[in-house]
Amino acid sequence: MKVLIADKFPDVFIQQLKDANVEVVYEPKLGEKDLPNSISDIDFLVVRSTVVNADTIKNSNALKLIIRAGSGVNNIDINAAN
């Protein structure tokens, strides 16, 4: 299982995932324009405010779940995610 965290999160959160034998790619400065090039082999994407657009979703060969830490989904292209 490979998780991309594309926003800033507490170190304890990232360590808990690693302790559970999750492969974590932590790229807190990854932006909307860079995300499509970083998603191809990612199973789970965790964002807070980073925009997840249609290009990102189209480039995701393995993506199973987008997790939005916070309320709402206005930064995720829901139509492309369906």
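Just so it is clear, none of the values below were taken in a lab; they were calculated from the coordinates. No experiment lies behind these values; they were computed from the predicted model shown. When we count neighbours, we look across all protein chains shown, and the Cβ atoms used for this are built from the backbone with ideal geometry, even at glycine.
Can you give the charge dipole size of the range 2-81 about its Cα centre, rounded to the nearest 20 debye, using +1 on the beta carbon of Lys and Arg and -1 on the beta carbon of Asp and Glu? Present the calculation step by step, with values, prior to reporting the outcome.
Values: 9 positive and 11 negative charges, 27 e Å.
Using Cβ point charges on Lys, Arg, Asp and Glu, the range 2-81 gives about 140 debye.
Just to be sure I follow the rule: in the range 2-81, considering lysines 8 or more places apart or on different chains, how many pairs have Cα atoms under 18 Å apart?
Details: K2/K18; K2/K58; K2/K64; K8/K18; K8/K29; K8/K33; K33/K58.
Lysine pairs meeting both conditions in the range 2-81 amount to 7.
The chain: percent of C-alpha pairs farther apart than 23 Å?
Of the Cα pairs, 14 percent sit more than 23 Å apart.
Sort R68, R48 so the one with the fewest other Cβ atoms within 10 Å of its own Cβ comes first. If you can, show how the numbers build up before the last one.
Details: R68 18, R48 15.
Result, fewest neighbours first: R48, R68.
At 7 Å along the Cα-to-beta-carbon direction for both A80 and E27, put a label point, then send me their distance in nm to one decimal.
Modelled inter-label distance: 1.4 nm.
Set Lys and Arg Cβ to +1 and Asp and Glu Cβ to -1, take the dipole of the chain about its Cα centre, and tell me which of N82, I39, P10 lies farthest positive.
Highest projection toward the positive end goes to N82.
Please work out how much length the chain gains when fully extended from L65 to Q15, using 0.36 nm per residue of separation minus the C-alpha to C-alpha distance, in nm with one decimal. Let's see the in-between values first.
Values: separation 50, 0.36 × 50 = 18.00 nm, distance 2.01 nm.
Between L65 and Q15, full extension yields an extra 16.0 nm.
How do S49, S71, S60 rank when sorted from fewest to most other Cβ atoms within 10 Å of their own Cβ?
S71, S49, S60
Non-local amide H neighbours of V52 (under 5 Å, H modeled in plane, Pro and chain starts lacking H): which ones?
I76, D77
Can you tally the net charge around L30? Count Lys and Arg as +1, Asp and Glu as -1, for every other residue whose Cβ sits under 13 Å from the Cβ of L30. It would help to have the intermediate numbers written out before the result.
Working: positive: K8, K29, K33, R48; negative: D7, E27, E32, D34.
Counting the neighbours of L30, the net charge comes to 0.
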